[in-house]
Amino acid sequence: MRTTTRMAGLLVMIAAASAGAAMPAGAATAGATSVVNGTIAAVSGGSVTVTASDGSQTTAKIEPDTLIVSRAPATLEIIKSGDALAVTAKPEANGALTAVSINIFSPALWARVRKGQWTMETGNIMTNALVEQVVERVKGRTLYMKLDQGTRTISVPSGTEIDRLAIVGLSALKPGLHVRVREMADPDGTTKASNIVFDQ
């Protein structure tokens with residue numbers, strides 16, 4: 001079963017990679033962000049109410065730019081030319097990269113994320129690129145990813161978590177569904193959901 005920690009990392013990845021996404025902040029000041037992990041109690045009037053494990057509830061507005069993402073398990077074998085990938089990889093002492101997780105973006109989600117390769121706060125390397133441009137071939141358990149700087153290989157150990165991500169509509173959110181919501185405080189004192197992630 002996929003862990004809450006993994007979902008938290010996915011939410012941060014989406015927030016960091018999405019164009020215009022809010023970055024983490026500390027307190028509940030205007031524009032500050034927080035993450036709520038819990039179960040949907042209600043979806044009504046363009047807002048979602050989530051009940052946390054401690055019984056507390058929070059309600060956040062869902063606006064046109066709110067990113068609602070479903071996650072489903074996938075395998076290395078389904079990756080094909082034209083797919084867009086986000087690969088989180090651990091840099092080894094010899095300079096090699098070993099995949100920690102792989103996310104396959106839907107076209108709509110790919111249009112909203114940052115492209116390229118960069119170092120994350122954890123020290124891992126994030127690589128976002130199209131298979132037809134980036135992954136030249138999949139051979140064994142190795143991804144060959146073509147960047148502007150040249151081609152990088154990333155080994156994919158057995159057991160690496162691979163998921164397919166897709167943007168879905170508000171109708172996908174139902175009471176009882178477990179979600180992780182990234183919230184942002186608006187200047188008027190209300191709270192907006194910037195990203196919502198759930199497992200299929």
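Summary of values
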| quantity | calculated |
| --- | --- |
| Unmet criterion (only one of (1) within 18 Å of ALA72 (Cα to Cα); (2) without any contact (Cβ under 8 Å) to a residue 40 or more places away in the chain) for VAL197 | (2) |
| Residue selected from region 60-87 under the condition of a type in the set (S, T, N, Q) and surrounded by fewer than 17 Cβ atoms within 10 Å (Cβ to Cβ), by the criterion farthest from GLY123 (Cα to Cα) | SER81 |
| Filter result for the condition that a residue is touching a helix residue (DSSP H, G or I) at 6+ places or on another chain (Cβ under 9 Å), assigned by TED's automatic domain parsing to the domain that holds SER44 and of a type in the set (Val, Ile, Thr), over VAL181, VAL156 | VAL181 |
| Residues being of a type in the set (S, T, N, Q) and in a strand (DSSP E or B) - total across region 69-126 | 7 |
| Filter pass, THR39 being among the hydroxyl-bearing types (Ser, Thr, Tyr) and surrounded by 12 or more Cβ atoms within 10 Å (Cβ to Cβ) | yes |
| Selected residue (criterion: farthest from SER81 (Cα to Cα)) from residues of region 148-161 that are surrounded by 15 or more Cβ atoms within 10 Å (Cβ to Cβ) and out of contact with any Ser or Thr (no Cβ under 6 Å at 6 or more places or on another chain) | THR160 |
| Odd one out for GLY176 among (1) free of Cβ contacts under 8 Å to residues at least 40 places away in the same chain; (2) surrounded by fewer than 13 Cβ atoms within 10 Å (Cβ to Cβ); (3) over 20 Å from VAL113 (Cβ atoms) | (1) |
| Residue within region 88-100 that is loosely packed, with under 15 Cβ neighbours inside 10 Å and either touching a helix residue (DSSP H, G or I) at 6+ places or on another chain (Cβ under 8 Å) or modelled with pLDDT under 90 (or both) present | no |
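The values are calculated or read from the model by the stated rules, or taken from the named source; none is laboratory data. On a predicted model such as this, the values are computed, not experimentally measured, just so you know. Glycine also receives a Cβ, built like all others from the backbone with ideal geometry; neighbour counts cover every protein chain displayed.
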